[in-house]
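Down below is the structure, laid out as structure tokens.
The values are calculated or read from the model by the stated rules, or taken from the named source; none is laboratory data. Source: prediction; values computed, not measured. Every residue, glycine as well, gets a Cβ built from its backbone with ideal geometry; the counts of neighbours run over all protein chains shown. Accessible surface areas use protein heavy atoms only, side chains included; no ligands, DNA or RNA. Shrake-Rupley method; radii C 1.70, N 1.55, O 1.52, S 1.80 Å.
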Amino acid sequence: KAGLKNTFVNRWDSILIHRAKGYYRTTTGWKNTSFVSMEFSYSASGIISTAQDLFKWSNALFSGKIVSSASLTKMTTPYLQHYGYGIMIDTFKHHLNISHRGHMPGFASYLGYFPTDSVVIVVLSNNESNSARIANTLAAIVFDISVIAPYIHTESKIDPAILDSYVGEYSLASGDEFEIIKKA
């Protein structure tokens, strides 16, 4: 009904020429994520798709091609902490946003629909990026809301004596205790 051509149930034995591989960052660089069988995840990470197909899906769902108007109304009514039937209903800077995000080792996704603005935002990541933050930044750009450029992290050399001064056992007012150690 939605005209999806590149959306599949994620099976380990499916041959998909352009299937993305998941990665994660370590202190020494990028690593491949470990194999995760999708056979048991069902709807959680059980679907492979593309940004184009997710755009089509969103348009089909919210134009009444997938479920009835009554079902869509129930689905998009917030019941518990902005959560409807399998979907978040909230606002972004006063713009109604109906969305869902996903995460599994090596991957993150976000699909947001702004019905009063006719805007769909899709974020797909194969490096565990914060898909919701990226989507919010894209939404801010679309809605002409100022965006603060991300901070560029740089490594700084620290005098070892300063680091040594933090080594020790600490107690918090809450009664929690922790220890800072230094490894060579």
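Which residues, taken from segment 145-184, are assigned to a loop (DSSP other than H, G, I, E, B), touching a strand residue (DSSP E or B) at 6+ places or on another chain (Cβ under 8 Å) and surrounded by 10 or more Cβ atoms within 10 Å (Cβ to Cβ)?
Filtering segment 145-184 down to residues assigned to a loop (DSSP other than H, G, I, E, B) leaves 145-159, 167, 172-176, 181-184.
The next check asks that each one be touching a strand residue (DSSP E or B) at 6+ places or on another chain (Cβ under 8 Å); those that pass are 167, 172.
Matches in segment 145-184: 167 only.
In segment 76-106, what residues are of a type in the set (A, V, I, L, M, F, W, C) and modelled with pLDDT under 90?
First pass over segment 76-106, keeping only residues of a type in the set (A, V, I, L, M, F, W, C): 80, 87-89, 92, 96, 98, 104.
Across segment 76-106, the qualifying residues are 80, 104.
To keep it simple, each residue is scored yes or no on (1) of a type outside the set (Asp, Glu); (2) closer than 23 Å to residue 129 by Cα; (3) part of a loop (DSSP other than H, G, I, E, B); (4) within 21 Å of the chain's Cα centre (by Cα).
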residue: 20; (1), (2), (3), (4): yes, yes, yes, yes
residue: 31; (1), (2), (3), (4): yes, yes, no, yes
residue: 55; (1), (2), (3), (4): yes, yes, no, yes
residue: 72; (1), (2), (3), (4): yes, no, no, no
residue: 85; (1), (2), (3), (4): yes, no, yes, yes
residue: 100; (1), (2), (3), (4): yes, yes, no, yes
- Scan 89, 66 and give me the residue that is in contact with a strand residue (DSSP E or B) (Cβ under 6 Å, 6 or more places away or on another chain) and open to solvent by less than 70 Å² (accessible area, probe 1.4 Å). 89
- All conditions in (1) at pLDDT 95 or above; (2) more than 19 Å from residue 58 (Cβ to Cβ) are true of residue 152 except (1)
